[in-house]
1. I need the peptides 125-131, 225-231, 151-157 ranked by packing, meaning the mean over residues of other C-beta atoms within 10 angstrom, with the highest value on top.
2. Of the accessible area of the chain, with the probe set at 1.4 angstrom, what percent is carbon plus sulfur?
3. On average, how much accessible surface per residue is there in the chain, in Å², for a 1.4 Å probe, leaving out ligands, DNA and RNA?
4. What do you get when you divide the Cα radius of gyration of segment 133-264 by 2.2 N^0.38 Å, with N the number of residues?
5. Grab the chain and count how many Lys pairs have their alpha-carbon atoms under 19 Å apart, sequence gap of 8 or more, or different chains.
6. Loop-only GluC sites (Glu not before Pro) in segment 69-131, please: DSSP not H, G, I, E or B, and at most 14 other Cβ atoms within 10 Å.
7. Using label points projected 7 Å from each Cα along Cα→Cβ, tell me how many nm separate K2 and S32, to one decimal.
8. Relative to the compact-globule scaling 2.2 N^0.38 Å, provide the ratio for the alpha-carbon radius of gyration of the chain.
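The values are calculated or read from the model by the stated rules, or taken from the named source; none is laboratory data. Model, not experiment: these values are computed from the prediction. All Cβ positions, even for glycine, are placed from backbone atoms using ideal geometry, and neighbour counts span all protein chains on display. Areas reflect the complete protein model, heavy atoms only, side chains present, ligands, DNA and RNA absent. Shrake-Rupley method; radii C 1.70, N 1.55, O 1.52, S 1.80 Å.
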Amino acid sequence: MKIINLSTVEELILEINSLANHYIYRGQSNASWRLETTLQRASGKKFQRDFTEKAERYSLDNFSARFHLYDRENNEPHSLLEWLSLMQHYGVPTRLLDFTSSPYAALYFGIEGYDFQRQPEFALYCIDYTGLMDRSIELIKREDSRFTETRESIQGKSDKVFDDFIDPFNRNILWVTEPDRLNARIDRQAGCFLVSGNKGMGIEELIESDSYSEVDCRKIVLSGSIGQNVFALLRKMNISGKSIYGDLGGLARSLALQIRIYAA
């Protein structure tokens, strides 16, 4: 993973604008944090295949069995990744890691929970979606002669490809998914998910493996001194909790963020 240290908003904008349109992004409030899923963090020292398989199955069985009792706004999911994305939406630990095709939405998530008092370095991750998916498809073909798909042919059926060719075999493969049926919040955020096909291997571990060494993955480390400047930039672009979430919760998050900034 390429590390890029930046200390001004001007440098940040130039770096973002230098990237092609096929990158996906993730912002994190502290640059020292690794790329870890909620399930990985919840599992702690027990993060290994046997435990996470059992944890995911337990959560999925209970969530899907009771879905109809509580839900009034979502269609019932049809694929594993649709179920996991809905579970993630409601706070169940999953092996999905949130990304977005918008670098500025990702920056908002990076500062939403940012500590403006201590001003640690924060980060914006940038991954070449095209390169990653081409590499993942190549790896599947090496392991399974039946697989003949291309990045173009999987459009609209990437969830089914994951269900049929990746998840059952616990492959050391990264996959980007935009669930076939988006909820409004994911659509508003231009959201997608990065997921490891190996339930016992973390996403960052796979990114840094030899298998993905040729895929462009950048970690832009941002100086804590520009946190407020990034907020000002996003505000001028009308990117806030109100626009990102589109509900009362988003309004509340937006107000809380402003109070923390003014208190810094």
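1. 125-131, 225-231, 151-157
2. Carbon with sulfur: 47 percent of the solvent-accessible area.
3. 50 Å²
4. That works out to 1.37 for segment 133-264.
5. The result is 9.
6. E73
7. 2.7 nm
8. This ratio for the chain stands at 1.02.
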